[in-house]
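One structure is given here, and the rest of the page talks about it.
Quick note: the coordinates plus some simple rules give every number you see, no bench work behind them. Predicted model, so just to flag it, every value in this text is computed and none were measured. So basically every Cβ, Gly included, is an ideal-geometry build from the backbone, and we count neighbours across all protein chains shown.
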Amino acid sequence: MGEVQWRLRDQLVFYPITGFIIFGTIVFLSSLAIGGFLLFLLLSPVLILFSPILVPAGVILSLLATSVAGFVLFLLLCVMSFGWFRKFRRGEHPVGSQKLESVIDHAKMTYRYVTQTTQQTIGAV
C-alpha cells in the first residue's frame, strides 16, 4: 500500500472510530454527572432529614476506618522491621545496613573520644 492509501484509510476508518469513542465517552460521563446531580436533588431532603443520624455515623465510621488502617500499617511496619533486624543480626546485609553500620561506627568513635577526653581532663586535675 502506498502512502496515499494509508492516509485515505486513516481518514475513512480510524478517525471516525476514534471520534466515536471519544464522543461516546464524553456523552457517557456527562450523563453520569447530570444523573448524579438529579439524584442528589431528589435525595437532598432525605439527607437533610437524616443528617442528625448520618453525620455522627459518618464521623464514627471515618474514625474507625482510620484507626483500623493505622493499626494494620503499624503492624505491617513492625513485622517488616523485625524481619529486617533479624537479617541484620544474622549477618546478611539488608538494604540500608551499610548506613546503620557507619552510624554505629561513628557512635563508637564518639564514645571513645569523649571517654579519652574525659580521662585526660580528670587526670590533669
Open item on the list: List the residue pairs whose Cβ atoms are under 7 Å apart, where the first residue sits in segment 84-105 and is touching a residue at least 12 places away in the same chain (Cβ under 8 Å), the second is part of a helix (DSSP H, G or I) and surrounded by 11 or more Cβ atoms within 10 Å (Cβ to Cβ), and the two are 6 or more positions apart or on different chains.
Closed with: PHE88/SER97
Task: Criterion violated by LYS99 - all others in (1) out of contact with any helix residue (DSSP H, G or I) (no Cβ under 8 Å at 6 or more places or on another chain); (2) surrounded by 10 or more Cβ atoms within 10 Å (Cβ to Cβ) satisfied - done: (2)
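Please pick out the residue among LEU77, LEU41 that is in a helix (DSSP H, G or I), closer than 27 Å to LEU100 by Cα, out of contact with any strand residue (DSSP E or B) (no Cβ under 6 Å at 6 or more places or on another chain) and of a type in the set (A, V, I, L, M, F, W, C).
Being in a helix (DSSP H, G or I), closer than 27 Å to LEU100 by Cα, out of contact with any strand residue (DSSP E or B) (no Cβ under 6 Å at 6 or more places or on another chain) and of a type in the set (A, V, I, L, M, F, W, C) holds for just one of LEU77, LEU41, which is LEU77.
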